[in-house]
1. I'd like to compare 175-183, 23-31, 344-352, 117-125: which one has the highest average count of other Cβ atoms within 10 Å, and what's the full order after that?
2. Among Lys72, Lys104, which comes first, then next, by fewest other beta-carbon atoms within 10 Å?
3. So, counting K/R as plus one and D/E as minus one, what does the shell of residues with Cβ under 11 Å around Thr15 add up to?
4. Assuming 0.36 nm per residue, please report the length gained on full extension of the stretch Glu336 to Glu67 beyond their Cα-Cα distance.
5. In the structure displayed, which of Lys104/Lys219; Lys72/Lys332; Lys65/Lys140; Lys72/Lys320; Lys140/Lys320; Lys102/Lys320 lie more than 32 Å apart, Cα to Cα?
6. Could you work out the local net charge near Ala74, counting Lys and Arg as +1, Asp and Glu as -1, over the other residues with Cβ closer than 12 Å to its Cβ?
7. Within the set of other residues whose C-beta is less than 12 Å from the C-beta of Gly29, count the net charge using Lys and Arg as +1 and Asp and Glu as -1.
8. When all alpha-carbon pairs of the range 137-252 are counted, what percent fall beyond 16 Å?
Amino acid sequence: MASPDIDDVFAFNATSTAETISEGLDLSGLTYLVTGATGGLGAEVVRVLALRGARVVLACRSATKGETVAEKIASEILDATGTDASQSLVVMGGLELSSSQKTKQFADDFCARALPLTGIVCCAGVICEPFELTSDGREKHFAVNHLGHFHLIDCLLDEIVRTAASSGAQGRVVLVASGAHHFTYRVRRGVPRPSRGIDFVNLDEPVGYDSGRAYAQSKLANILYAAELDERLKNAGVNVAAFSADPGTMSGELSHFLNQVPGGRYLFALADGRVTREVNRAAATVVWCAAAERKRLQVSQNLQNSQQVTNYYADCASRKPSLPARDPRLAKRLWEESERLLGMPIGSAKPAGHVEKFRGMEGEGGRDEDSKNSNSNTNDATVQVAPASPVSMYRAGLPRVTIDSGKSNSGKSTELGAFDPDPPVSPPIKVTPSKSGRWGLGPAKPAND
């Protein structure tokens, strides 16, 4: 384990494990909700967060299966550290992301428990399955991997913002992405130019369906949603950030994909262990985005001089996703289509794109006198928050480390782990121009345009 200084942003790579990158983190007093907690990746994320002292809500379909996983994790932590973590693991069943009604009911049940919520880590998903429509009439990959999480986050965003404001610890929304997002459907068929994107017209149609492309499309949606959500949160001035985290190629993901092709089992036998990762390494980037201090994330971004800075992370560093994943117009179109598919009024999902400041923010730009004197009638897309207090996430027991990069416009040095009262600074995302019709944005133009 590298010392907690500027060098350790280079020490974390594809071989790092979730335990390695979180060593020294004190997450006591923080609460995370993890979807897909009974799966391999989700269970490892839960284990490491609980190991570092966080309270973790295991959001799963089957409460019985969740209890089994929680007992196993508590036993492992007890054997490793002598600490009883059973009280910090909260199991909640009934989360069915394929159903908007059941997702809303789960969110209501969580809110009824009056628990704080530091962050949501979205690990649940389906991989390369045959065509199937959900009870809501939506294609299963897009419904579970994207729409379900879009709806869940929208329902719980108030809780994250309130917790961030009252605790001082930056709220986090982490969506598990995949490198497969490069290989989604070609929206402009027969056109040689880059055209992979989201086929909004045929989202729920079986004609031309391909399980690998459908999975890739849903992962592209995760990245676009995280980028648009982070931009809206930044514009709202709240202490919450959103990330998409690529865990790398896991055995289950590759096996599902190769089983669709002739001879896939033999290919998987050759590739397994060579190009795939064990779950402890796959969870590293996810835990890094969920729990690393805000300043450390920014330092690692600033040091990636050869990479475009985005909120898409792989191997614990900001990476450059595909061209469609960096198109802000496609992200906005996806946001609006998601609202429409869920039966929500356009513009009602939180945070609203036009809102500059969330109501209730004090001490961070403040509210004008009109808003102070206004009544409780607010926009449905406005998040209510509480005043902030000076508490932060930092590495317990380790000294503050000051870094002078020499590139700061303000001339100030960067102190790792120190509380920063300023609003969070989200990484800039380069706008990549695209022609009308590319990546599902609109009607296709002739090939000779």
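1. Numbers: 175-183: 23.6, 23-31: 18.7, 344-352: 16.8, 117-125: 26.3.
Per-residue mean Cβ counts within 10 Å order the peptides as 117-125, 175-183, 23-31, 344-352.
2. On the way: Lys72 12, Lys104 15.
Ascending Cβ contact count within 10 Å gives the list Lys72, Lys104.
3. Cβ neighbours under 11 Å give a net charge of 0.
4. Difference between extended and current length: 93.1 nm.
5. Flagged as over cut-off: Lys72/Lys332; Lys72/Lys320; Lys102/Lys320.
6. -3
7. Here the charged neighbours net out to +1.
8. It works out to 64 percent of all Cα pairs.
Coordinate-derived values only; no laboratory data. Source: prediction; values computed, not measured. Counting neighbours? That spans all protein chains shown, and the Cβs are built from the backbone with ideal geometry, glycine included.
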